[in-house]
Amino acid sequence: MPKTHEMYKVDKSGSINRTKKSCPRCEKGTFMAEHFDRFACGRCGYTEFKRRAK
C-alpha cells in the first residue's frame, strides 16, 4: 500500500499538489492506480486508457 507522503507534494510556496490522478467518480482522496497503458480505480472500477504515441 502506498504511503501518504508519496501521494502529495508541497511546493516552496506552501501549496499542496497531488502527485497521483484522482478518480472522477469516487469521493475526494480516492486515487487511481497507474499502469503502463491505463489509469484504474480499485474502488469503483473506472478506467481511463492512455493514448499511444504514433
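Values in this text are rule-based calculations from the coordinates and carry no lab data. The structure displayed is predicted, hence computed values, not measured ones. All Cβ positions, glycine included, derive from the backbone under ideal geometry; neighbour counts span all protein chains shown.
Side notes on the structure shown:
- Considering only K20, K12, K28, the mean-square fluctuation computed in a Gaussian network model of the chain, springs between alpha carbons under 10 angstrom, is largest for K12.
- Formal net charge of residues neighbouring T4 (Cβ-Cβ distance under 15 Å; K, R +1; D, E -1): +4
- The Rg/Rh ratio for the chain is 1.03, where Rg is the radius of gyration of the alpha carbons and Rh is the Kirkwood radius.
- Sorting S15, S22 from the fewest to the most surrounding beta carbons within 10 angstrom yields S15, S22.
- Mean-square fluctuations from a GNM of the chain, with a 10 angstrom spring cutoff on Cα atoms, peak among G42, G14, G29 at G14.
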